[in-house]
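Q: Would you mind keeping the following structure in view while I ask a few things?
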Amino acid sequence: MARTPSVGGNWKMNTDRTTGPALARDLAPAAAANPGCEVAVFVPFPYLLAVGEALGHGSSPRGTRVRLGAQDCYFAPDGAYTGEVSIHMLKDCGVSVVLTGHSERRHVLGETDQLVNAKTRAVLDADLECVLCIGETLDQRQAGRTDAVNEARLRAGLAGVTAEQMAHVTIAYEPVWAIGTGKVATPADAQTAHARCRAVLAEMFDSAVADATRIIYGGSMKPTNAAELLAEPDIDGGLIGGASLKAADFLAIVEAAGEQT
Ligand code: PGA
């Protein structure tokens, strides 16, 4: 079945009060010119409101195609969780899509599958879209455990998620060794991993859910390698880190994804 491609810019801990909104203003009109691709930006918490405004949310139709995304959240609705940000707060700032389980949350900040699952379920229970990130480390890949690790991440991350809720889930396959390293999975390797993830979704839910769920690739995707990755049948878009900080590079990837439709 035809899946609408999706490209997200993960700004990580970059930009500031001036450069974040400026980047958003550069993206909005050009993204609107590529209706074949859904576009989101995952913005540092302090700049969500300013970036939402720069994207034209809540005012003119200009640029409203770019969704405002958060890089993380906490699963509890409120309370004594110093430093955390609730999903209600994110919604209040105009966020409609949230990343869960990003590799840097798992491997730098120590998030477990259980925590990632709690966040994923809370995002979906709040009727927001969720991008669940999975992917193997270099050691795991070299030990031949890529498929097993991705299957375990999917089963744990999506535990308790219903087939209906899967309509609001995108999976981001991001091999950890490819993130921010300039090393990119070959299109064939990425396609193999994506197809295997889709087969796991068919086992967990059914083939209709598996066919409808977008599985996007992340890990050093850039304008020079995006088209060949996106041409693979099971690669439905990208989650872009470094290249999302330059409007021209990010938009070239959005265009490449839009051309696949
Ligand atoms: P990268 O990051 O494009 O800089 O490799 C991707 C990501 O972490 O989502």
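Q: Restricted to segment 177-190, and to residues that are assigned to a loop (DSSP other than H, G, I, E, B) and among the small types (Gly, Ala, Ser), which residue is nearest to Gln260 (Cα to Cα)?
A: So, considering only residues that are assigned to a loop (DSSP other than H, G, I, E, B) and among the small types (Gly, Ala, Ser), the one nearest to Gln260 (Cα to Cα) is Ala185.
Q: Suppose we filter segment 1-10 for residues that are touching a strand residue (DSSP E or B) at 6+ places or on another chain (Cβ under 6 Å) and either more than 21 Å from Glu255 (Cα to Cα) or part of a loop (DSSP other than H, G, I, E, B) (or both); how many remain?
A: The qualifying residues number 3.
Q: Just for segment 64-87: of the residues that are touching a Phe, Trp or Tyr at 6+ places or on another chain (Cβ under 7 Å) and open to solvent by 70 Å² or more (accessible area, probe 1.4 Å), which one is nearest to Asn14 (Cα to Cα)?
A: Going through the qualifying residues, I end up with Glu84.
Q: Take the residues in segment 1-38 that are within 16 Å of Thr170 (Cβ to Cβ) and either open to solvent by 70 Å² or more (accessible area, probe 1.4 Å) or aromatic (Phe, Trp, Tyr) (or both); name whichever of them is modelled with the highest pLDDT.
A: Ala2
Q: A follow-up question, please. Considering only segment 76-176, give the strands (runs of 3 or more DSSP E) lying wholly within it that have at least 1 residues that are within 18 Å of Glu203 (Cα to Cα) and within 19 Å of the chain's Cα centre (by Cα).
A: Fully inside segment 76-176 and qualifying: 129-134, 169-173.
Q: Related question: Quick check on this structure: which one of Gly144, Gly160, Gly182, Gly237 is crowded, with 19+ Cβ neighbours inside 10 Å and either more than 21 Å from Glu104 (Cα to Cα) or within 16 Å of the ligand (Cβ to nearest atom) (or both)?
A: Gly237
Q: Out of all the residues in segment 127-141, which are over 23 Å from Ser220 (Cα atoms) and surrounded by fewer than 17 Cβ atoms within 10 Å (Cβ to Cβ)?
A: Asp127
The values are calculated or read from the model by the stated rules, or taken from the named source; none is laboratory data. Note that the coordinates shown come from a computational prediction; the quantities given were computed from them, not determined experimentally. Using ideal geometry, Cβ is built from the backbone for each residue, glycine included, and neighbour counts are taken over all protein chains shown. Ligands, DNA and RNA are excluded from the accessible area calculation, which covers all protein heavy atoms including side chains. Shrake-Rupley method; radii C 1.70, N 1.55, O 1.52, S 1.80 Å.
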